[in-house]
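Taken together, the values in this text are just the output of simple stated rules run on the coordinates, not laboratory data. It should be emphasised that the depicted structure is a prediction, and the values quoted were computed from it without experimental measurement. Every residue, glycine as well, gets a Cβ built from its backbone with ideal geometry; the counts of neighbours run over all protein chains shown.
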Amino acid sequence: MQQKNTWLLPDGIEEVLPAEAKHLENLRRKLLDVFSCWGYSLVITPMIDYLDSLLTGSGHDLDLQTFKLTDQLSGEMLGIRADMTPQVARIDAHNLNNCSPARLCYVGTVLHTLGDPLEKTRSPMQIGAELYGHEGRESDVEVISLMLEMLAMTGLKNIHLDLGHVGIYRALSEQAELTDADESALFDALQRKARPEIRGLIDGLTVDENLKTMLLKLPELNGGYETIEQARAVFADAGDAVKQALADLQMIADQMAVAFPDLPLSFDLAELRGYRYHTGVVFAAFMPSVGREIARGGRYDNIGEVFGRARPATGFSADLKLLSVLSKDIIPLDRPEIIFAPASEDRELAEKIRDLRAEGRTVIRELPGQTGNYKELGFTSILEKNNTDWIVKAIA
């Protein structure tokens, strides 16, 4: 029987080595500081939770992505978190229980049963921020602005913002009185941008011809600012909910244009990612060189209802590991100062080492019998005795 290589990792599970880990941790601290400056308080959610709590509000979209197991103490089904938003919603609804808007942020590893088709990882480090208790468009503007600020702090360039609104498709489906089966089939085809299939499904519906035309035009409504005007013409006979959604998108886009005049902005009214999870505006940040979204979010009102309190909510998240990789060439890994201290029982040396470490500087003491000299081990400085004092001397 062939022995398994014990150093191998499961597919999609990665280790982070020292240099990259330091860069990742520095970025984590920097971004959490940004969130704090905007008034977002850090919360820490459990890695494992009751399965029902983890799948709350997601329409069970995360069901296939969640590792499941049975609790040996209670017999209940547990899951390893695949998304932290439901847990943060529980904190707002059940633990904080205040009436004013709550701003919360989080960061931590989540686990997926299946990897992203492009990224392959199954253990992203999710970082995000959420605003509870305000249903106006102003809170959507705030979280989108914070997402863009977060990306700016990573040093990433050429960010594109894409806006959509799941309420448009939801309102058209209700107006057309689609059955659950028809709505689900059409939703799936729209997600895949399968236009011949979309046309076939719509042609088979027993609904008003105007509604058929509106649904058929939906996947064509993507592009720049002109998209909103095109949509107003297409949806002239739609209900008030559709017109309000377009007004919301217009207002948000106008504010983004003022705050970020150089930001490329586009619309995609058939973008229904998280349709069963989100309730309003959805947005995503892209980098053309990456070929995929690098941050995403949207409005998900009443997600905390199952926890005893329904509140408006909006927020975003990103994979901190991905942001770290993308920013590594922009924010280069600097060579840290590492001070070598010889193996010695000198009392003054011990005091000097303690003082240097108190200043936040790295000092590594030589161990008796260790192999390799300080140059080979990557030290940048060495502690040398000068008369009665120990001084830090740079290694040439």
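Looking at the chain, which longest stretch skips every one of the trypsin sites (Lys or Arg not before Pro) that is in a DSSP loop with at most 13 other Cβ atoms within 10 Å, leaving the sites themselves out?
That would be 194-374.
Under 15 Å Cα to Cα from LYS243, which aspartates and glutamates show up? Leave out anything in the same chain fewer than 8 places away.
By straight Cα distance, LYS243 reaches GLU174, GLU229.
What size of dipole, in debye to the nearest 20, comes out for the chain about its Cα centre when the only charges are +1 on Lys and Arg C-beta atoms and -1 on Asp and Glu C-beta atoms?
Dipole magnitude for the chain comes out near 1140 debye.
Pairs of alpha-carbon atoms within less than 8 angstrom and 6+ residues apart define the contacts here; what relative contact order does the chain have, in percent?
Relative contact order of the chain: 18 percent.
Which of the lysines could a cross-linker span from LYS193 if the Cα-Cα distance has to be under 22 Å and same-chain partners fewer than 8 positions apart are dropped?
In chain and number order, the partners are LYS212, LYS217.
Which entries in LYS120/LYS328; LYS68/LYS120; LYS120/LYS321; LYS4/LYS68 show an alpha-carbon gap greater than 23 Å?
Check vs 23 Å cut-off fails for LYS4/LYS68.
How large are Rg and Dmax for the range 108-210 when calculated on the C-alpha trace, in angstrom?
18.8, 52
Can you compute the charge dipole magnitude of the range 337-396 about its Cα centre, using +1 on each Lys and Arg Cβ and -1 on each Asp and Glu Cβ, nothing else charged? Give it in debye, rounded to the nearest 20.
Charge dipole of the range 337-396: 100 debye, to the nearest 20.
For Rg/Rh (Cα atoms, Kirkwood Rh), one of (i) 1.00; (ii) 1.08; (iii) 0.97 was computed from the structure I shared and the rest are decoys. Which label?
Of the listed options (i) 1.00; (ii) 1.08; (iii) 0.97, (ii) comes from this structure.
Work from the charge dipole of the chain (Cβ charges, +1 for Lys and Arg, -1 for Asp and Glu, about the Cα centre) and give the residue of PHE260, SER344, GLN175 farthest towards its positive end.
Going by the Cα projections, it comes out as SER344.
Based on DSSP H runs of at least 4 residues, each adding -39500 (n - 2.57), what is the mean residue ellipticity at 222 nm of the chain after dividing by all its residues, to the nearest 500 deg cm²/dmol?
-10500 deg cm²/dmol
May I ask you to evaluate 6.51 cos²θ - 1.76 cosθ + 1.60, the Karplus curve with θ = phi - 60°, for each residue of the range 358-363 and list the ³J(HN,Hα) values in order in whole Hz, giving x for glycine and proline?
Values per residue, Gly and Pro as x: 5, 7, x, 8, 8, 10 Hz.
Rank-order 277-284, 249-256 by packing density, defined as the average count of other C-beta atoms within 10 Å over each peptide's residues, highest first.
277-284, 249-256
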